[in-house]
Amino acid sequence: MLDQKKLAQYLLTKYPTTHEISNDKALRCYVMALKNQYLKKSAPLSQIKYDDKIHIINNALGLHTYISRVQGNKLKSKNELRIGSLFKKAPEAFLAMIVVHELAHLKEKEHNKAFYKLCQSMLPEYHQLELDLRIYLTQLEELGDIYN
Ligand SMILES: [Zn+2]
C-alpha cells in the first residue's frame, strides 16, 4: 500500500465511479433520506450543504471536520450539516460514509463506542469505508485527485 500507484489502483478498482450528488439540493435529498430512515427522532436539520471551507483532519482518533473560517454564529447551531466540497466529486461510498458520520454526531458528540455503533447501524461497512477514505485522503495529498 505504500507504493502510490498501487494505492490509486486499489481505490479505482474498489471505487471505480463517482456519484452525481453534485449540488446542495441533491445533497439535501440524499441526507434527508438517510436521516428519515435511521434517525427520525434526531434534531431537525435547517441547512444541508456542501462547503468548500470544511476541511478534514485525518488522525488516529477518527476523522474530524473543521471550518477554516472562524465565524462564531455560523456553525454554532448543531442543526446544520455541512459536507466538505471534496466529497462533491468522489465515490458515493465516501459521501455516504461522511454523511453518516455527520448524522451520527446529531446524537453523539464524541467519537466513542456509541458513536461508531450508530454509524455502523446506518452503514454496516462504515469502518472499512473510513479506512479507505483515509487512504483516499492520503492519495489526494500525495498525488492529487484520481477521479477528475
Ligand atoms: Zn466526527
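The values are calculated or read from the model by the stated rules, or taken from the named source; none is laboratory data. Keep in mind the model is a prediction, meaning the values are calculated, not measured. Please note: Cβ atoms are built from the backbone with ideal geometry, for glycine as well, and neighbour counts cover all protein chains shown. Remember, those area values only see protein heavy atoms, side chains included, never the ligands or the DNA or RNA. Shrake-Rupley method; radii C 1.70, N 1.55, O 1.52, S 1.80 Å.
Between L45 and any residue 5 or more places off or on another chain, the built amide H atoms are never under 5 Å apart. Note on the range 7-143: Kirkwood radius taken over Cα pairs, Stokes-Einstein applied at 10 °C and 1.306 mPa s, translational D equal to 103 µm² s⁻¹. The charge dipole of the chain, taken about its Cα centre with unit charges on the Cβ atoms of Lys, Arg (+1), Asp and Glu (-1) only, comes to about 660 debye. Sites listed here are trypsin sites (Lys or Arg not before Pro) in the range 81-124 whose DSSP assignment is loop and whose Cβ has at most 15 other Cβ atoms within 10 Å: K89, K107, K109. Treating r as the C-beta distance of Q47 and E142 and R0 as 35 Å, the FRET efficiency rounds to 0.55. For C119, the solvent-accessible surface computed with a 1.4 Å probe is close to 0 Å², ligands and nucleic acids excluded.
Taking Cα atoms only, the orientation of helix 4-14 departs from the longest principal axis of the chain by about 60 degrees. Rolled with a 1.4 Å probe across the full set of protein chains, the surface gives I57 an accessible area near 70 Å².
Among the listed pairs K40/K107; K14/K109; K35/K109; K14/K53; K6/K88; K89/K117, those with a Cα-Cα distance over 22 Å are K14/K109; K14/K53; K6/K88; K89/K117.
Karplus-based coupling profile of the range 114-126, in residue order and whole Hz: 4, 4, 5, 5, 5, 4, 5, 5, 7, 9, x, 8, 3, with θ = phi - 60° in 6.51 cos²θ - 1.76 cosθ + 1.60 and x standing for Gly or Pro.
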